[in-house]
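Everything below concerns the one structure shown next.
The values are calculated or read from the model by the stated rules, or taken from the named source; none is laboratory data. The structure displayed is predicted, hence computed values, not measured ones. Cβ coordinates were reconstructed from backbone atoms using ideal geometry, including for glycine residues, and neighbour counts include every protein chain displayed. Heads up: the accessible areas ignore ligands, DNA and RNA and are worked out on the full protein's heavy atoms, side chains in. Shrake-Rupley method; radii C 1.70, N 1.55, O 1.52, S 1.80 Å.
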Amino acid sequence: MGEIGHPSREDVTAFYDEFVDRQTKVGINLRHEAILAWLLRFGMSPEDRVLEIGCGAGPLTQLLAEALPRGSVFGADLSPRTIEAAEERLGRFDNANVVAGDVLEVDAGSEPYDVVVLPDVIEHIPMEMHDALFGRIASWVKPQGFVLIHYPNPHHLEWFHENHPEELQIVDQPIHADLLTATAYRHGLYLDYFERYSIWIREGDYIAAVFRPTSGVGEWTRLPQPKPSLWRRIAARVKRAR
């Protein structure tokens with residue numbers, strides 16, 4: 001970071017080092033529970049390996065550790081102080097590890113993950129970094145795995161920019177679907193599911209987007225068709241007899 005129009009990485013790190021107290025005070029809330037529900041809905045299994053980009057102080061990481069008794073979760077966040085808080089929260093879990101580092105530089109290991117989740121973090125990563133970001137995401141996820149990107153409804157976030165800018169974080173960009181999907185497609189990830197839905201705002205304050213690797217697209221399986229009802233079979237016979 002540090003390009004025109006964006007704060008430096010040092011400034012962002014300092015912001016989140018201070019922001020950690022607010023995160024810790026809030027703890028696990030409806031948003032974290034909703035993200036877990038999306039992950040389970042789209043196939044996360046108890047034995048999966050999950051990568052969480054932007055784990056913060058670890059509230060979702062904790063839910064994931066509990067939901068992965070035979071699996072594991074690896075979380076990364078830019079802020080060292082935030083990671084310290086996450087380590088304290090996750091100390092009782094053997095299947096959860098977190099590390100401080102820039103998402104474009106962090107070492108997430110050489111083995112791909114079943115699931116990669118970005119829980120309300122992509123809006124805080126400058127747009128000019130998204131191409132490189134999706135390149136890394138594509139390299140991290142297994143061909144049969146999936147990526148869940150959860151983020152604020154961009155129109156709702158634009159409303160905050162106009163009406164309550166003091167409540168925004170140091171980088172807080174509205175993310176529109178056309179740019180998001182175009183960047184994902186360039187790196188071999190296709191949009192499998194997209195939904196705007198409500199947690200706290202009736203008109204829909206969040207987006208859940210699921211991407212899958214095109215390398216995982218395989219054979220197409222025909223669904224079994226139900227047998228015609230007795231009445232339809234009789235009607236067909238009568239029609240043929242005429």
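Hey, among the residues in region 44-56 that are closer than 14 Å to Gly101 by Cα and in contact with a Leu (Cβ under 8 Å, 6 or more places away or on another chain), which one's surrounded by the fewest Cβ atoms within 10 Å (Cβ to Cβ)?
Going through the qualifying residues, I end up with Gly54.
Would you please name the residue that is most open to solvent (accessible area, probe 1.4 Å), looking only at residues in region 57-76 that are touching a strand residue (DSSP E or B) at 6+ places or on another chain (Cβ under 6 Å) and either in contact (Cβ under 8 Å) with a residue 60 or more places away in the chain or polar (S, T, N, Q) (or both)?
Ser72
Residues Glu203, Glu166, Glu195: which one is closer than 27 Å to Ser79 by Cβ, open to solvent by 40 Å² or more (accessible area, probe 1.4 Å) and of a type outside the set (Val, Ile, Thr)? Break it down stepwise before answering.
On the way: Glu203 fails: closer than 27 Å to Ser79 by Cβ; Glu195 fails: closer than 27 Å to Ser79 by Cβ.
Criteria check complete, one pass: Glu166.
What do you reckon, is Asp102 under 18 Å from Ser8 (Cα atoms) and part of a loop (DSSP other than H, G, I, E, B)?
Working: under 18 Å from Ser8 (Cα atoms): yes; part of a loop (DSSP other than H, G, I, E, B): yes.
Yes: the conditions hold for Asp102.
Yes or no, residue by residue, for (1) assigned to a helix (DSSP H, G or I); (2) of a type in the set (Asp, Glu); (3) surrounded by 11 or more Cβ atoms within 10 Å (Cβ to Cβ):
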| residue | (1), (2), (3) |
| --- | --- |
| Ile149 | no, no, yes |
| His156 | yes, no, yes |
| Ser215 | yes, no, yes |
| Val238 | yes, no, no |
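Counting only residues that are in contact with a helix residue (DSSP H, G or I) (Cβ under 7 Å, 6 or more places away or on another chain) and exposed (fewer than 12 other Cβ atoms within 10 Å of the Cβ), how many does region 5-24 have?
0
Taking into account only those residues within region 169-199 that are modelled with pLDDT of 95 or more and among the β-branched types (Val, Ile, Thr), which is nearest to Asp131 (Cα to Cα)?
Among them, the one singled out is Thr183.
Which residues, counting only those in region 32-82, are charged (D, E, K, R) and in a helix (DSSP H, G or I)?
Applying the first criterion (charged (D, E, K, R)) to region 32-82 yields 33, 41, 47-49, 52, 66, 70, 77, 81.
The answer is Glu33, Arg41, Glu66, Arg81.
Rundown of residues vs (1) over 18 Å from the mean Cα position of the chain (by Cα); (2) crowded, with 19+ Cβ neighbours inside 10 Å; (3) closer than 26 Å to Asn153 by Cβ, yes/no style:
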| residue | (1), (2), (3) |
| --- | --- |
| Val26 | yes, no, yes |
| Glu33 | no, no, yes |
| Arg41 | no, no, yes |
| Gly109 | yes, no, no |
| Val116 | no, yes, yes |
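Output the residues belonging to region 146-191 that are more than 23 Å from Asp17 (Cα to Cα) and touching a residue at least 60 places away in the same chain (Cβ under 8 Å).
Hits for region 146-191 are Phe146, Val147, Leu148, Ile149.
Would you mind stating whether Asp48 is charged (D, E, K, R) and out of contact with any Pro (no Cβ under 8 Å at 6 or more places or on another chain)?
Numbers: charged (D, E, K, R): yes; out of contact with any Pro (no Cβ under 8 Å at 6 or more places or on another chain): yes.
Criteria met by Asp48.
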